[in-house]
Amino acid sequence: MNVDLITKDDLEKFKKELLEEIRRYQQYPRKQGQEARVWLKSYEVRKLLNISAGTLQNLRLNGTLPYNKIGGLMYYRYEDIQKLMDGTRSVK
């Protein structure tokens, strides 16, 4: 049986590589000449980050990703999502 140890540095390197790849494939900001949207709905954030509804809920509940609720819809600032992907947590 072959056992590999994963260090904290390995995880940090993986995190940076993963975030770079997410940024490379993200759809926001939109096409050239169009302004980036300021507010995104939950389904757009899930699609952008490629996460499940439960993961998005956990990000909301633990304060990692701030949101505003209007009626029954949750809205997230694109700037906060960028900060999350950059690794700088934005907590209200």
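No lab work stands behind these numbers, since they all come straight from the coordinates. Small disclaimer: the values here were computed from a predicted structure and weren't measured.
For the reader, a short list of remarks on this structure follows.
- Taking a straight line from the alpha carbon of residue 83, these aspartates and glutamates sit under 15 Å away, with near neighbours fewer than eight places off in the same chain left out: 20.
- 17 Å Cα-Cα reach of residue 13 towards aspartates and glutamates, excluding residues that sit fewer than 8 places from it in its own chain: 4, 21, 86
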